[in-house]
Amino acid sequence: MVASGYFNNTTITGVYKDLSTTKPSLDSCPCFKNNIQKVRAPDCPIPDDKLIKLAHSPDSFICASRVNVPDFNRTMILTQVPDVSNSQNIEDFWRMIFQEKVISIVIAVMPLESSVTLQQIFPLLTGTYANHGKMFLNNKKVESAVAMTSYKLEILPDGCSNSHFTTLYHLHNWRQKRGYDNIGELVTTIEKVLQVNENTVFMSMNGTGRAGTMLALFTAMLQVSKGKEVNPKETIEKLRAERCGVVDSAEQLGTVHKAMAHWFKNKSNSEEIQTLKI
């Protein structure tokens with residue numbers, strides 16, 4: 001990757017411009033179209049058969065897309081941050097997490113991005129709890145690193161006796177349309193999700209760019225772990241066919257390449273690779 005110039009901005013920009021884009025028309029996405037006021041990225045439609053439907057309320061709309069990841073026999077979802085101005089949206093989000101038995105959530109948002117705080121979505125301190133409609137959330141444990149904080153959350157719907165546990169990883173200070181500087185923390189987080197190998201949600205404000213970048217990295221790392229060769233461009237194009245808008249800037253494409261190189265470097269026993277500057 002280094003020898004091929006994949007860390008040269010001109011090369012990255014050229015590859016990004018060459019990425020094919022598959023975008024369904026609004027007319028083929030009636031549910032999305034009818035709920036456009038709830039969508040943060042209205043130019044990235046989701047076909048009805050890709051939308052997550054709540055079993056208890058099929059007419060409720062969640063801007064969350066089920067994505068088929070090759071060789072991943074679990075549920076993978078890309079979703080936007082819910083609109084916190086309507087409490088029902090937050091309740092529906094956690095209802096989705098419980099219904100789909102999501103074990104890992106990775107969220108990339110800036111502090112106060114679009115006037116949203118994480119505190120509005122879930123309790124941030126160990127031993128605290130919150131009620132979002134009929135969904136009860138209990139924060140069981142918080143662990144902090146330099147650029148990532150993880151939260152062990154217990155989720156229990158009203159009237160249900162069996163709670164569900166999920167781990168939410170928050171990657172700090174990743175701006176929209178931009179790459180991510182804390183590559184090591186990103187790789188470590190995605191490795192944790194890979195190791196758990198269970199139903200997963202990647203979430204960003206719009207549920208496309210940064211969430212899609214994390215999904216692209218996850219997919220590439222998964223393929224390598226299964227002994228397969230990976231072409232990041234082909235990987236992203238296949239994911240875009242599943243969810244348009246995945247990886248929405250050249251900088252984010254660069255993040256995928258740099259993260260893969262960092263991952264290879266840490267796993268390699270080759271002195272030549274270990275001394276490469278990424």
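FYI, it's all coordinate maths here, none of it is from the lab. Small disclaimer: the values here were computed from a predicted structure and weren't measured. Here the Cβ is made from the backbone with ideal geometry for all residues, glycine too, and neighbour counts use every protein chain on show.
As a calculated quantity, the FRET efficiency between Ala145 and Arg74 at R0 = 22 Å, using C-beta atoms, amounts to about 0.30.
Helical runs (DSSP H, four residues minimum) scored at -39500 (n - 2.57) apiece and divided by the length of the chain put the mean residue ellipticity at 222 nm at -10000 deg cm²/dmol. Principal-axis analysis of the Cα atoms of the chain puts helix 250-267 at an angle of about 70° to the longest axis. Going from the residue with the fewest nearby Cβ atoms within 10 Å to the one with the most, Val39, Val247 rank Val39, Val247. Annotation for the range 162-187 versus the range 16-91: alpha-carbon center distance of 20 Å. Helix 209-225 and the longest principal axis of the C-alpha atoms of the chain enclose an angle of approximately 60°. Highest mean first, the peptides 117-125, 218-226 sorted by other C-beta atoms within 10 Å per residue fall in the order 218-226, 117-125.
Would you work out the relative contact order for the range 9-274, in percent, from Cα pairs under 8 angstrom that are 6 or more residues apart? Reported relative contact order: 22 percent. Of Arg66, Arg175, Arg210, the sequence from fewest to most neighbouring Cβ atoms within 10 angstrom is Arg175, Arg66, Arg210.
Remark: the Lys134-Asp48 segment gains 28.4 nm on full extension, using 0.36 nm per residue and subtracting the alpha carbon distance.
Report the calculated FRET efficiency for Glu154 and Ser20 (r = Cβ-Cβ distance, R0 = 45 Å), to the nearest 0.05. The computed FRET efficiency comes out at 0.60.
Taking other Cβ within 10 Å of each residue's Cβ, how do Lys192, Lys23 sort, fewest first? Write down the numbers at each step before the final one.
On the way: Lys192 15, Lys23 12.
Going from least to most buried by this count: Lys23, Lys192.
When both bridge partners sit in the chain, DSSP labels roughly 65% of those beta bridges antiparallel.
Relative to the longest principal axis of the Cα atoms of the chain, the long axis of helix 9-18 lies at roughly 60 degrees.
Using alpha carbons only, the radius of gyration of the range 9-274 set against its Kirkwood radius gives Rg/Rh = 0.96.
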